[in-house]
Amino acid sequence: MSYDLQEQEQLESFKAWWKENGNWISGAISVVLAAVLAYQGWSWYGVRQSAAASAMYEEFERASLAKDAVKARDLAGSLIEQHGSSVYAALAALRSARSNIDAGDRKAAKAQLTWVMEHAGQKELALLARVRLAGLLLDEKAYDEALQALKVDVPDAFATEFADRRGDVYAAQGKPADARAAYTEALSKAAGAQQPLRAQIQLKLDALPAGGGA
């Protein structure tokens, strides 16, 4: 009997507490459930978007290999428009830029490299685009623009390529002292004798005029 009375008192106490706090708790549970469902929904949407971008990129690759320039260009544009935040869009833009360089359409190549530089979510791809853009600007004798494109903090993995490209720009400007400093930096950043650029950089360094005057 005493147990029943105690249980009844606990039940009445819980009822009173729930009457006071139940609405808040129900609301909090609803918010948590909504957040969980939204996260699951967004994850599902992200997976679908990634799969769609991957499939489109595979189609782009097939068109590129088949030398179907029109289809490859359209697919690259669709990737950028529909999946611009994906790695596939940046990869397609980089590959399209290379194709446009080979085809002599430097304006389109520069536009694609600039897009990757400014929009790629992957820093490595953005840095690769910078180096390639600087090379295009160097070919056009736009030396100041090329150096500006290279004026950015880079991780060690890209230090050799950036210093080497700066050396190329300075050499083309007739500034052998600056070129020597850049090539020397590039060599110092090259990771061992297996660095594929090392021999080429050394040749360019050795070809600079003696004395290093500007």
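The candidates Asp178, Asp144, arranged from most to least accessible area with a 1.4 Å probe in the full protein assembly, appear as Asp144, Asp178.
For the range 57-114, the carbon plus sulfur part of the accessible surface works out to 50%, probe radius 1.4 Å. With the gyration tensor restricted to C-alpha atoms of the range 64-171, the semi-axes of the equivalent ellipsoid amount to 24, 16, 10 Å, longest first. Take the Cα of Glu140, step 7 Å toward its Cβ, do the same at Gln82, and the gap between the two points is 3.1 nm. Taking only the alpha carbons of the range 118-203, we obtain Rg and Dmax values of 12.5, 36 Å in that order. Equivalent ellipsoid of the range 81-123: semi-axes from √(5λ) of the C-alpha gyration tensor, largest first, are 19, 9, 8 Å. For the pair Leu203 and Ala172, the difference between a 0.36 nm per residue extended length and the Cα-Cα distance amounts to 9.6 nm.
The values are calculated or read from the model by the stated rules, or taken from the named source; none is laboratory data. The structure displayed is predicted, hence computed values, not measured ones. Neighbour counts are summed over all protein chains in view; Cβ atoms, including those assigned to glycine, are modelled from backbone coordinates with ideal geometry. Quick note on the areas: whole protein, heavy atoms, side chains included, nothing else; ligands and nucleic acids left out. Shrake-Rupley method; radii C 1.70, N 1.55, O 1.52, S 1.80 Å.
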